[in-house]
Amino acid sequence: MDKNQTERIKQRYNRISSVFDLMDYMIRDQWRKNLIQEAFGQTLEVGVGTGANLKYYNSNVNVTGIDFSLKMLQKAKKKAEILPSHYKLLEMDAQNLEFNDDTFDTVVST
């Protein structure tokens, strides 16, 4: 995807971040729970968004969540602060990952 298109999409997500949770009914909570509980070890969540999946991770999973929308990520960080597990949440574009090969055991994207 070219830089201009990526930037336009990022701006849209930043713009709707305050109401995204109200709009996000595409994935039922039970589906999220079933999927996320399969994660193990070092886990990368691509497009963590506002953090809707965070509450479903088992405490023995080390989660790194990335999103290219800073405002969506800020919402996720607020959710992560009140959860018992630790989450590493980073602003990053999935098109340009900054991780070494073989860093993760599980990759999640919903």
Are any residues in segment 52-92 polar (S, T, N, Q), outside any loop (DSSP other than H, G, I, E, B) and more than 30 Å from ARG8 (Cβ to Cβ), and if so, which ones? ASN62
Look at segment 83-106 and say how many of its residues are farther than 14 Å from PHE68 by Cα and of a type in the set (Gly, Ala, Ser). 1
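Condition (residue is of a type outside the set (S, T, N, Q), without any contact (Cβ under 8 Å) to a residue 40 or more places away in the chain and farther than 18 Å from ASN14 by Cβ) applied to segment 38-49: is it met by at least one residue? Break it down stepwise before answering.
The initial filter retains those residues of segment 38-49 that are of a type outside the set (S, T, N, Q), namely 38-41, 44-49.
Narrowing further to those that are without any contact (Cβ under 8 Å) to a residue 40 or more places away in the chain: 49.
Subsequent filtering for residues that are farther than 18 Å from ASN14 by Cβ retains none.
The answer is no, given that none of the residues of segment 38-49 is of a type outside the set (S, T, N, Q), without any contact (Cβ under 8 Å) to a residue 40 or more places away in the chain and farther than 18 Å from ASN14 by Cβ.
Report, by residue number, each residue of segment 93-110 that is among the hydrophobic types (A, V, I, L, M, F, W, C) and either more than 19 Å from ILE27 (Cβ to Cβ) or in a loop (DSSP other than H, G, I, E, B) (or both).
Initially, segment 93-110 is screened for residues among the hydrophobic types (A, V, I, L, M, F, W, C), giving 94, 97, 99, 104, 107-108.
Scanning segment 93-110 gives LEU97, PHE99, PHE104.
Take MET92 and decide whether it is buried (at least 16 other Cβ atoms within 10 Å of the Cβ), closer than 21 Å to MET1 by Cα and out of contact with any Asp or Glu (no Cβ under 7 Å at 6 or more places or on another chain). Talk me through it step by step, then tell me what you get.
Values: buried (at least 16 other Cβ atoms within 10 Å of the Cβ): yes; closer than 21 Å to MET1 by Cα: yes; out of contact with any Asp or Glu (no Cβ under 7 Å at 6 or more places or on another chain): no.
Taking the combined requirement at face value, the residue does not satisfy it.
Readers should treat all values here as calculations from the given coordinates under stated rules, not as data from a laboratory. Given the structure is predicted, the values throughout are model-derived calculations rather than measurements. Every residue, glycine as well, gets a Cβ built from its backbone with ideal geometry; the counts of neighbours run over all protein chains shown.
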